[in-house]
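Notes to accompany the following structure.
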Amino acid sequence: MTEAIEGYIFYEIAALLVLAAGVGFIGLLLRQPLIVSFIAVGIMAGPSVLDIAQSDEQIDLLAELGIAVLLFLVGLKLDFNLVRTLGPVALVTGLGQVLFTTVFGFLIGLALGLDPLTSFYVAVALTFSSTIIIVKLLSDKREIDALHGRIALGFLIVQDIVVVVAMIVLSAIGVGGAGDAALSDVFKVLGYGAAMLGAVALFIRYAANPLVERLSRSPELLVSFAIGWAALLAALGHYLGFGKELGGLLAGVSLASTPFREAIASRLASLRDFLLLFFFIALGASLDLSVLGASVGPALVLSLFVLIGNPLIVLMIMGAMGYRKRTSFLAGMTVAQISEFSLIFMAMAVSIGHVPESALGLVTLVGLVTIAASTYMITYSHWIYDRLEPLLGVFERRASADLREDAPQNATPHDVILFGLGRYGLGIGAALKEGGLRVLGVDFSPQAVRYARDDGYDVVFGDATDPEFLAHLPLRSARWLVLAVPEHDTGITHDDPRKALLRAARDLGFAGKVAVAAHSAHTADRLNGAQADLILMPYRDAAVAAARMILSGSEVSRPAVEDPLGQKELSS
């Protein structure tokens, strides 16, 4: 009998995986993220359609493990340094969007006939944007390191922190509501949480680095440890009363300071996606399509609010802070959807009895609509901006403050405009300055700008891919443009952004010469026909220079660059 049941469960899981692969392929053709396909699989596998998902306990177990791994990876990637280096824009934009969405979402919920508590939960759920989806789409577009991409990552991290706080509060409320001594239970959970935080802090301080370094000698063991560590702290969090979600998150935070966090995250990403399939299957299977029909109207209203309202508030806040409308618009487009955390948050609210299951179904419908629509909005954001650009001037403040997308503050003409202030770019800049040339540096990293400014460079903070920003640069007086931006920052596609930059510079009156850094012969060939006068290949050039020194038998170090960019040509 047991073998028959196990066989049936295996058949069921096999059918779910095949269904997920088929629906996922259709979603891929439609350019949709997996989360949309997975929710659709859950609805199809549920009792309202195919009625495949019947092993609730087993599916729920895999779903819970998936959530633990997801929260572990979120904790592993909580980059507080990014929020700090981006200054106030990440904090103000992130918190401003959360506050705006919560207040207006609550009022819309009341207007739609929801009770106040349900309206509040739905409004909070609408504030979270999907970090996974946004990072994936921006990476595919090679915009993750663009200015708007970095700002989006900054306020997404702020949102993740808000998610953590919301789940802590919800867990405490859930524990308090489960018994008579509600207040004492809440304090007990908070005490356990503080103790666990202290233990994690000690682990980070004394054990994390040496332990992970030793485990890294066996990549397979490192992955096994990471999964086990996430499951252990998730189980401990559940046992102590503040939830397996927060336990999994703390497990990730405990390893976030180690130099191996990226390796762990990359190896667990596929496992996370696989296990989350069962969360969305469990979610979709629990939805009653007959009940969902009544939620279509409210879901459309809330979806329009998320698709329009969230980008609008980001556009307004960033515009008020001095960012140009293009950067503000592209960053705002990234928050036009809700997150998988929204569904987890609502599922927690249902489990403690604060909201009915219909509210979870409503938020699920909003998730399907907004994630599907925002995928196209982010993919075609530049095309949409070009159409709406004449209407967006009202959101742009003409005067911009220090370390925003500012124009050069002095009127001294510059011989060279240098894009990219990393180690390679600053090395070129130092050699050019030593050769007597006046250099203006450009970068979208506040940290790089501050470092270069402290080092005595004239610098400008801004996104070189923004044509409006280029118009503020002294292009007509410059004799050289040097693009020392790393190749992965721009992406080598058929429409390389550096080509667009060069075309825009020529259109704005730049009549000098152009030097562009490339890291492969393929890239060099692409850029050679894009109005580039000089192709810099750092690895090849350094190797040739080293070989010449070896062949000449030189034992004395020479200046880094004796003839930077062809000094004779520059002075001619």
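The values are calculated or read from the model by the stated rules, or taken from the named source; none is laboratory data. On a predicted model such as this, the values are computed, not experimentally measured, just so you know. Quick reminder, even Gly has a Cβ in these numbers, built from the backbone with ideal geometry, and neighbours come from all protein chains shown.
From the list Leu551, Leu527, Leu502, the one residue that fits, being modelled with pLDDT under 75 and assigned to a helix (DSSP H, G or I), is Leu527.
Residues are listed down the side, and each one gets a yes or a no for (1) under 22 Å from the mean Cα position of the chain (by Cα); (2) over 19 Å from Ile132 (Cα atoms):
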site: Phe225; (1), (2): no, yes
site: Ala231; (1), (2): no, yes
site: Leu236; (1), (2): no, yes
site: Gly247; (1), (2): no, yes
site: Gly252; (1), (2): yes, no
site: Pro259; (1), (2): yes, yes
site: Leu268; (1), (2): yes, no
site: Phe278; (1), (2): no, no
site: Ala285; (1), (2): no, yes
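Please tell me if Leu287 is modelled with pLDDT under 80, farther than 26 Å from Leu110 by Cα and buried (at least 21 other Cβ atoms within 10 Å of the Cβ). Criteria not met by Leu287. I'm trying to understand the selection: among the residues of segment 254-283, which are within 12 Å of Ala226 (Cα to Cα) and either not in a helix (DSSP H, G or I) or not assigned by TED's automatic domain parsing to the domain that holds Arg205 (or both)? Answer for segment 254-283, where residues must be within 12 Å of Ala226 (Cα to Cα) and either not in a helix (DSSP H, G or I) or not assigned by TED's automatic domain parsing to the domain that holds Arg205 (or both): Ala256, Phe260.
One residue alone among Gly322, Gly309 is closer than 18 Å to Leu99 by Cβ, in contact (Cβ under 8 Å) with a residue 12 or more places away in the chain and surrounded by fewer than 24 Cβ atoms within 10 Å (Cβ to Cβ), and that residue is Gly309. Taking Met348 as the residue in question, decide whether it is modelled with pLDDT under 85, surrounded by fewer than 24 Cβ atoms within 10 Å (Cβ to Cβ), within 23 Å of Ala90 (Cα to Cα) and of a type outside the set (Ser, Thr, Tyr). Taking the combined requirement at face value, the residue does not satisfy it. The set of residues in segment 7-40 being at pLDDT 80 or above and of a type in the set (Ser, Thr, Tyr) consists of Tyr11, Ser37. Summed over segment 189-223, the residues that are polar (S, T, N, Q) and either more than 28 Å from the chain's Cα centre (by Cα) or assigned to a loop (DSSP other than H, G, I, E, B) (or both) give a count of 2. Are any residues in segment 228-253 of a type outside the set (A, V, I, L, M, F, W, C) and assigned to a helix (DSSP H, G or I), and if so, which ones? Result: Gly228, Gly237, His238, Tyr239, Lys244, Glu245, Gly247, Gly248, Gly252.
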